[in-house]
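Engineer: Quick one: structure below, then a few questions.
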Amino acid sequence: VSTGSRIDWYGGDEYARETVIMGVDVNKKLNIQIGITERSDDGTSMLRVVHISEAKDVDDLKKLMLAFHVNVCVIDAMPEMRLVKQFQDWSQQHTAAQVFACRFFGQERLGRERFAMKLNYQEWSVNVDRTQVMDEHVQSILQQRIIFPSDSFSCYPTWDRQMVAPKRIWDEKKGKFYWHEGSARDDAHLTSVYSIIAMEISGQSGGFMKW
């Protein structure tokens, strides 16, 4: 739901007082979504997205991490594993942020954690069930628990098409639903999904040292 303020391209010290999360999808470019976690009047967790962009390289990603005072970042673990590890190492040296490399996996039964999430603080990795977290992402949008900037559709070409690329499909043989993007790009959609995971991690951590 694109009813928020316009995209903030620069960040600033005012974000040091907020809980800021970042989702990053790794492809030919780095797709980035940054948001602030909030609570509605009834106590529901919400995400107010403040920044959406494509970055050419990891240096741009580092600048945004610093400019927006990010607390938790979830980044696509594949296919650039070396890039992700280098970014994690840099973050530990230069920020107080937690950066988790994310992998999707299939979970036949629901786990106790949301999205059957498994955190590994030694490896700074997070595994989640792809179907569960994508279901939650869509519900969050429909229920207006994610608020996108009012000018999201102009953040970069095809953002709107990428956001609706994956389709929920019923697998008759396996007796379950799964999400499939076909031949369409879904980088923006996945970036927003990583943001949802980062938001869940930030809620479990219970607060952060601001920098």
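Engineer: If W159, W124 are ordered by their accessible area, calculated over protein heavy atoms with a 1.4 Å probe, which sequence runs from highest to lowest?
Structural biologist: W124, W159
Engineer: Keeping the other protein chains in place, figure out the carbon and sulfur percent of the accessible area of the stretch 18-88, with a 1.4 Å probe.
Structural biologist: With neighbouring chains kept in place, the figure for the stretch 18-88 is 47 percent.
Engineer: Follow-up question, since we're still on this one. Which FRET efficiency value, to the nearest 0.05, do you get for M78 and D41 by plugging their Cβ-Cβ distance into 1/(1 + (r/R0)^6) with R0 = 30 Å? Please report the intermediate quantities before stating the final value.
Structural biologist: Working: r = 40 Å, r/R0 = 1.32.
With R0 = 30 Å, the Cβ-Cβ based efficiency is 0.15.
Engineer: Still on this structure, please answer the following. Set the bar at 19 Å for Cα to Cα. Now go through K29/K85; K28/K167; K85/K167 and name every pair that lies beyond it.
Structural biologist: Cα-Cα > 19 Å for K28/K167; K85/K167; rest within.
Engineer: Also, I was wondering about something else. With viscosity set to 0.890 mPa s at 25 °C, what whole-number translational diffusion coefficient in µm²/s follows for the stretch 14-125 from Stokes-Einstein and a Kirkwood radius over Cα pairs?
Structural biologist: Approximately 163 µm²/s, per Stokes-Einstein.
Engineer: Run the 1.4 Å probe and let me know the accessible area of D129, rounded to the nearest 10 Å².
Structural biologist: 10
The values are calculated or read from the model by the stated rules, or taken from the named source; none is laboratory data. From a predicted model like this one, the values you see are computed outputs, not experimental measurements. Glycine also receives a Cβ, built like all others from the backbone with ideal geometry; neighbour counts cover every protein chain displayed. We work out accessible area using only protein heavy atoms, side chains counted, and drop any ligands, DNA or RNA first. Shrake-Rupley method; radii C 1.70, N 1.55, O 1.52, S 1.80 Å.
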